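J.: Sharing a structure, written as structure tokens. Questions coming.
The values are calculated or read from the model by the stated rules, or taken from the named source; none is laboratory data. Please read these numbers as outputs of a predicted model, since none were measured by experiment. All Cβ positions, glycine included, derive from the backbone under ideal geometry; neighbour counts span all protein chains shown.
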Amino acid sequence: MISEFVREQKRYTQRELQRIFHCQDDRTVFIIRKLKELGVLKAVKASDDQKNLSELLDEDIEVTDVDDDGQGYLYVFTFVGVIVVAGRVLKCYPKYILTDKTPLPEMKQVLKVIAKYNRSEEQIVNLYNGDAENRSFNLLAVILYLLNDYYVSGLYSNTEKISEINGEGEIQWGRTIDENFPLISNGRPYYMEMYTTRSVNDETNYFHRLHQAVLTDCSRQLEDTGLSELFDIEPLELTEDEVSDFGEPDYILDRISKELSVQFNTRKQILLKTMYAYVASERKVEVLDDSVSLFGTNAFNMVWEKVCGEVFSNMLQTQLKDLPLPCPLSEEYNPKARLIDIIDKPEWTASDSSGVTFSHVAADTLIPDIVSIRGNQFIIFDAKYYNLHMERDSLRGQPGIESITKQYLYQLAYRKFAADHQMTVFRNCFLMPTEKKAYINKGHVQMNILHALDLENIEVRLLPAEKVFEAYLSGSRINIDVLGL
């Protein structure tokens, strides 16, 4: 299969995509249309300004069909992950990776991060991409789910209860007492034979063997498409049986449906349903010409926010009584309230026709990304998935004015709480990813009108994504000292 790397948010001409896809004009237009239908590729008007941008704004997007010559547009991948379309594997790496080298190690790590993020957010198996009109079976997601489920939970198994005499399993006291005569010694009954029960896995079970065949078939497909190495999945050869050896597809699906009706274990239900979808599909990634398989996300900014929150010990959802405060919690505050609950919500007040005043409290309020408390320091982080370019002669790729003003407002919202608990050092900081190996102090941003209110400027730090992701995957924490705040 054709396998190529593409960069998220980079502007590509149609000619460049034609070279990446290794096909002629009409085939390129077909693939572009399929990707646009699923929202992983956007078209913007071709201009010199667009070529220099690293972000994609809503007003940039041209909602139109694809021109056959493609001269008037540039194309932007808005996806991080793997796309399989029309016999081509597109490995979309994050926009902060600017190296000219093939980013295979970085991409492997990113895919692991996305997989962990999906598990933490309880993402379901996306069997289909797109809406009703453009719906496409997501075979790649199904294959990855089945293989990862196997490595976590093993093969499908049904247990069988076996009764034995004097076995090592649980004693069946009722049957033992009813069917045996005890020997009495010192007024106590002793049974020479006891009925016991033990559970054994039935490895001859139809679904156990079918699961082996499905997994072996999935593994072969990843090998054939060259994706085993990318996803760091070891090849499986669990059986010589083919899926077709278990009957015609309709027969297999009927057997799975009947098994579903008697299984109430959640994992088994999900596994059976996913196997059903796999058998019902054509089960060949490389030949699904009209389908697009995806593994990844259109919102890598959410992944970056989650990762930063984990590694820098986000305390927003922590109850006040559990915070590492430098002094006892003031009686003014509810110990069971969370740190996020301290921020005021908008209160709307009006009068009715009789002059009676009433008010309503809105449900939404300001929500910072990450708040950490360390000693007498109160630190507010904002994880920004931006490619900041700030040099002597140029500034681009920076967060907007709303991000800056909100960061100041977060400090206002928490200033009293911090003062009440002897936290005298406030820090605001934007956290942005970089492919570099070191933590970079990129300076700060300020607004004089808000700085005059005795509010801290917002520090800007570039974080080595590789190190941050490594900490996230291992479940470890990063010492805030590395940021030099």
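J.: Among residues belonging to the stretch 442-485 that are over 26 Å from the mean Cα position of the chain (by Cα), outside any helix (DSSP H, G or I) and without any contact (Cβ under 8 Å) to a residue 12 or more places away in the chain, point out the one that is farthest from THR424 (Cα to Cα).
T.: Applying the filter and picking the extreme gives ALA452.
J.: I'd like to check something: does the stretch 272-287 contain any residue that is in a loop (DSSP other than H, G, I, E, B), in contact with a Phe, Trp or Tyr (Cβ under 9 Å, 6 or more places away or on another chain) and either modelled with pLDDT of 95 or more or not assigned by TED's automatic domain parsing to the domain that holds ILE370 (or both)? Please lay out each step first, then the result.
T.: Taking the stretch 272-287 and keeping what is in a loop (DSSP other than H, G, I, E, B), we get 281-284.
Narrowing the set further to residues that are in contact with a Phe, Trp or Tyr (Cβ under 9 Å, 6 or more places away or on another chain) leaves 281-282.
Keeping just the survivors that are either modelled with pLDDT of 95 or more or not assigned by TED's automatic domain parsing to the domain that holds ILE370 (or both) gives 281-282.
Yes, the stretch 272-287 contains at least one residue that is in a loop (DSSP other than H, G, I, E, B), in contact with a Phe, Trp or Tyr (Cβ under 9 Å, 6 or more places away or on another chain) and either modelled with pLDDT of 95 or more or not assigned by TED's automatic domain parsing to the domain that holds ILE370 (or both).
J.: Something else: Condition check: under 30 Å from GLU259 (Cβ atoms) and touching a residue at least 12 places away in the same chain (Cβ under 8 Å). Does ASN158 satisfy that?
T.: When the stated conditions are applied, ASN158 passes them.
J.: Going residue by residue through the stretch 375-384, is there one that turns out to be in contact (Cβ under 8 Å) with a residue 60 or more places away in the chain, under 30 Å from MET107 (Cβ atoms) and in a helix (DSSP H, G or I)?
T.: No, there is no match, as no residue in the stretch 375-384 is in contact (Cβ under 8 Å) with a residue 60 or more places away in the chain, under 30 Å from MET107 (Cβ atoms) and in a helix (DSSP H, G or I).
J.: Which of (1) more than 30 Å from LEU320 (Cα to Cα); (2) in a strand (DSSP E or B); (3) out of contact with any His (no Cβ under 8 Å at 6 or more places or on another chain); (4) at pLDDT below 95 is the odd one out, the single condition PRO433 does not satisfy?
T.: (4)
J.: Would you mention how many residues in the stretch 336-359 are more than 21 Å from ARG415 (Cβ to Cβ) and assigned to a loop (DSSP other than H, G, I, E, B)?
T.: 6
J.: Further question on the same structure: Kindly indicate whether any position in the stretch 238-255 is surrounded by 13 or more Cβ atoms within 10 Å (Cβ to Cβ) and in contact with a His (Cβ under 9 Å, 6 or more places away or on another chain).
T.: Checking the stretch 238-255: at least one residue is surrounded by 13 or more Cβ atoms within 10 Å (Cβ to Cβ) and in contact with a His (Cβ under 9 Å, 6 or more places away or on another chain).
J.: Looking for something of a type outside the set (Ser, Thr, Tyr), assigned by TED's automatic domain parsing to the domain that holds ALA465, at pLDDT below 95 and surrounded by 11 or more Cβ atoms within 10 Å (Cβ to Cβ) - is there at least one such residue anywhere in the stretch 345-355?
T.: The answer is yes; a qualifying residue exists.
J.: Continuing with the same structure: Exactly one condition in (1) crowded, with 17+ Cβ neighbours inside 10 Å; (2) in contact with a Ser or Thr (Cβ under 8 Å, 6 or more places away or on another chain); (3) within 25 Å of LEU329 (Cα to Cα) is false for TYR386; which is it?
T.: Failed condition: (3).
J.: In addition: Assuming VAL307 fulfils every condition listed in (1) among the hydrophobic types (A, V, I, L, M, F, W, C); (2) in a loop (DSSP other than H, G, I, E, B); (3) modelled with pLDDT of 90 or more apart from one, which condition is it?
T.: Just one mismatch for VAL307, condition (2).
J.: Please go through (1) in a loop (DSSP other than H, G, I, E, B); (2) at pLDDT 90 or above; (3) closer than 29 Å to THR318 by Cβ for THR365 and return the number of the only condition it doesn't satisfy.
T.: Looking at each condition in turn, THR365 falls short on (2).
J.: Turning to a different aspect of this structure: For the stretch 414-439, name all the residues that are of a type in the set (A, V, I, L, M), under 26 Å from the mean Cα position of the chain (by Cα) and surrounded by fewer than 16 Cβ atoms within 10 Å (Cβ to Cβ).
T.: In the first step, residues of the stretch 414-439 are kept if they are of a type in the set (A, V, I, L, M); the result is 418-419, 423, 425, 431-432, 438.
Checking which are under 26 Å from the mean Cα position of the chain (by Cα) leaves us with 431-432, 438.
Residue satisfying the conditions is ALA438 alone.
J.: Quick test for you: out of THR349, THR357, THR365, pick the one residue that is polar (S, T, N, Q) and touching a Phe, Trp or Tyr at 6+ places or on another chain (Cβ under 8 Å).
T.: Working: THR357 fails: touching a Phe, Trp or Tyr at 6+ places or on another chain (Cβ under 8 Å); THR365 fails: touching a Phe, Trp or Tyr at 6+ places or on another chain (Cβ under 8 Å).
When all the criteria are applied, what remains is THR349.
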